[in-house]
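This report concerns only the one structure given below.
The values are calculated or read from the model by the stated rules, or taken from the named source; none is laboratory data. For clarity, every value in this text was computed on a predicted model and none was experimentally measured. Cβ coordinates were reconstructed from backbone atoms using ideal geometry, including for glycine residues, and neighbour counts include every protein chain displayed. Heavy atoms of the whole protein, side chains included, go into the accessibility calculation; ligands, DNA and RNA do not. Shrake-Rupley method; radii C 1.70, N 1.55, O 1.52, S 1.80 Å.
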Amino acid sequence: MHHFTPWTALAALAGGVLIGLAAVLLLWLNGRIAGVSGIVGGLWFGPRGDRLWRVLFVVGLALGCAAWFGLTGQAAPRRSGFPPGALLLAGLLVGYGTSLAGGCTSGHGVCGLARRSWRSLVATLCFLVAGIASTFVVRHLLGLG
């Protein structure tokens, strides 16, 4: 794990500003909410004429990662100590939870809370509680991570 420094705080702030800017621009220019799970899900299950902006949004996410790597030379750290099956199960559970909640943390936590949606507040609180409980179970009860 990396230690907190003023540079990491600045990078986190810049990332938050970019996420907020992307959400505002998508709503302003396209009338869409920047919920990543809904955007990605629409690539497969949405109408054909509605795919280009979704592809561009997802490509922009990947280019943001590439830009970070190009500017800093730092790749995202790999998680060790987790069996591939556990990671696959975790991904499937996140997808299930996202569909159950009618959106993900970006849709509810960033965009929904900014719109003062009670539904998004409840969903975000559920995400936080589930994340805290999952971390406790995985680290302390299962001894992973």
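Here are the numbers:
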{"item": "Hits in the range 105-115 (condition: outside any loop (DSSP other than H, G, I, E, B) and open to solvent by 30 Å² or more (accessible area, probe 1.4 Å))", "result": "Thr105, Val110, Leu113, Ala114"}
{"item": "In the range 116-144, the residues that are out of contact with any His (no Cβ under 8 Å at 6 or more places or on another chain), surrounded by 12 or more Cβ atoms within 10 Å (Cβ to Cβ) and outside any helix (DSSP H, G or I)", "result": "Leu144"}
{"item": "Given (1) surrounded by 13 or more Cβ atoms within 10 Å (Cβ to Cβ); (2) within 16 Å of the chain's Cα centre (by Cα); (3) not in a helix (DSSP H, G or I), number of the condition Gly95 does not satisfy", "result": "(3)"}
